[in-house]
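One structure, pasted below without further comment.
The values are calculated or read from the model by the stated rules, or taken from the named source; none is laboratory data. Worth saying up front: this structure is predicted, and the values here are computed from it rather than measured. Every residue, glycine among them, receives a Cβ derived from its backbone with ideal geometry; neighbour counts consider all protein chains shown. Quick note on the areas: whole protein, heavy atoms, side chains included, nothing else; ligands and nucleic acids left out. Shrake-Rupley method; radii C 1.70, N 1.55, O 1.52, S 1.80 Å.
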Amino acid sequence: MKCILTAIFAIVAGISLQSASAQEQESAKPKTTLEAVKARGALSCGVTQGLPGFSAPDDKGNWTGLDVDICRAIAAVVFNDPTKVKFVPLSAKDRFIALQSGEIDVLSRDTSWTLSRDTSLGANFTGVTYYDGQGFLIRKSLKVNSALELNSASVCVQTGTTNEQNLADYFKSNKMKYEVIAFSTADETIKAYESGRCDVFTSDISQLYAQRLKLLNPADHAVLPEVISKEPHATMVRHGDDQWFDLVKWTLFAMINAEELGITKKNVDEMARSENPELKRIFGTDGNFGEQLGVTKDWVSRIIKAVGNYGESFDRNVGAGSPLGIARGLNKLWNQGGIMYAPPIR
C-alpha cells in the first residue's frame, strides 16, 4: 500500500510540475501583437507580389512603394528602425488567409475596404492609404475612347479581387456583353493582355498605371477615362487587439497630419522645437499620446525621419516624382481639393 501511495504521489507531483511548466510557458508568450513583434525583432508585413509604386522589390530584393512605406513607418515607431520589416509577398487569393493565420502582422497590399471584408474576415481596416477606382487599359490602336464602346469586348481580370464583381455590374447596367478571361495573379493577367488574349485589361486605376510600365511599349496603351467603382485601399489587422489596431491606424494618420502641418523629412528636427501647441502634441513635448499607443513620445518624429509625410511618400512612389506620374487627385489633402483627411492628434 505504501508503494502504491508513493507512486500516486509521484504521478500527482509530476502532473502538477507539468501543469506549472505549461502555465509558465503560456504566461511567457507575448499577449499582444506589439509584444510579439518586439519579441520577434521585426514586423511581418503582407504586400503584393510586385506592383510598382505600391510594393515591389528591386533586383537586390529591397522593397519600395507607398504600401511599403506604411510598414516601414510602423517599424520605425516600434523599433526606431524602418528596416526591421519582413515583407511577405501575397497573391490576392492568399492575402486574407495569411493575416488570419498570424503569418503577417499587418496587410498593406492595395486592398479595397468593403463591408463584406470588414465583417467576415476576422480583421479590421485601419485607414485609407489611397483612394482609387476601377478602370480599363486598352491599346490605342483599337481607337476606343470610352468604356461605353466596349460592347462584346474580351476583358482580362484577376481573380480574388473586387474587380470581377465591378466588371459584371458595369456591363450589366450598361446592357453590354463581354467575355471575361480570368487569371490568378496580376502578372499572368497583364501578360495575357499584352499577348492579345483579350481586348482590354481591367483593374484599379493605380494598378493599370503600374502594370502598364511592364509592357514592351507602354506609350501604345491608354487608360480610359471612366472610373466604374470606389476602391478605398486600406491596411488591415486582425480582430481582437485594439492596441495594435490603434498603433497601425495612427501611424497613417500621423503621416497625413504631418503633411497638413508642413512637417517634412528635411525640417522635422526644426519643427520639433516649435512652441506651436499642435506641434508640441505631435512631437511629444506636451501630452502622453505616444504612451497611450504603447510607444515612445517621439513616435511621430520616427515616422517622418523614416519615410516622410504622406505627400512625400505619395510623390516619391506613385506621383510626379515617380515613373508612374499619377495625379494626386482625390488623394490630395482635404484642404487642397482632395478627400485625404486624418483625425487630429489631441
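A quick yes/no check of all residues on (1) of a type in the set (Gly, Ala, Ser); (2) open to solvent by 50 Å² or more (accessible area, probe 1.4 Å); (3) modelled with pLDDT under 70; (4) outside the structural domain of Gln158 (by TED's automatic domain parsing):
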position: Ile8; (1), (2), (3), (4): no, yes, yes, yes
position: Arg40; (1), (2), (3), (4): no, yes, no, yes
position: Ser44; (1), (2), (3), (4): yes, no, no, yes
position: Gln49; (1), (2), (3), (4): no, yes, no, yes
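Report the residue count in the stretch 126-149 for those that are in contact with a Ser or Thr (Cβ under 7 Å, 6 or more places away or on another chain) and of a type in the set (Phe, Trp, Tyr).
2
Please find, within the stretch 167-194, the residue that is nearest to Val318 (Cα to Cα) out of those that are modelled with pLDDT of 95 or more and among the hydroxyl-bearing types (Ser, Thr, Tyr).
Tyr193
Among Met271, Met236, Met255, which is the only one that is in the same structural domain as Ala92 (by TED's automatic domain parsing), of a type in the set (A, V, I, L, M) and surrounded by fewer than 22 Cβ atoms within 10 Å (Cβ to Cβ)?
Met271
Here is a follow-up. Would you pick out the residues in the stretch 130-154 that are assigned to a helix (DSSP H, G or I) and touching a residue at least 60 places away in the same chain (Cβ under 8 Å)?
If the condition is that a residue be assigned to a helix (DSSP H, G or I) and touching a residue at least 60 places away in the same chain (Cβ under 8 Å), then Lys140, Ser141, Ala147, Leu148 are the ones that fit.
Report whether or not Glu278 is surrounded by fewer than 20 Cβ atoms within 10 Å (Cβ to Cβ) and outside the structural domain of Leu148 (by TED's automatic domain parsing).
When the stated conditions are applied, Glu278 passes them.
Quick check: is even one residue across the stretch 59-70 touching a Cys at 6+ places or on another chain (Cβ under 9 Å), assigned by TED's automatic domain parsing to the domain that holds Pro323 and open to solvent by 10 Å² or more (accessible area, probe 1.4 Å)?
yes
Ok, one more. Please work out which one of (1) under 16 Å from the mean Cα position of the chain (by Cα); (2) outside any strand (DSSP E or B) is the condition Val78 fails and give its number.
In the conditions (1) under 16 Å from the mean Cα position of the chain (by Cα); (2) outside any strand (DSSP E or B), Val78 misses (1) alone.
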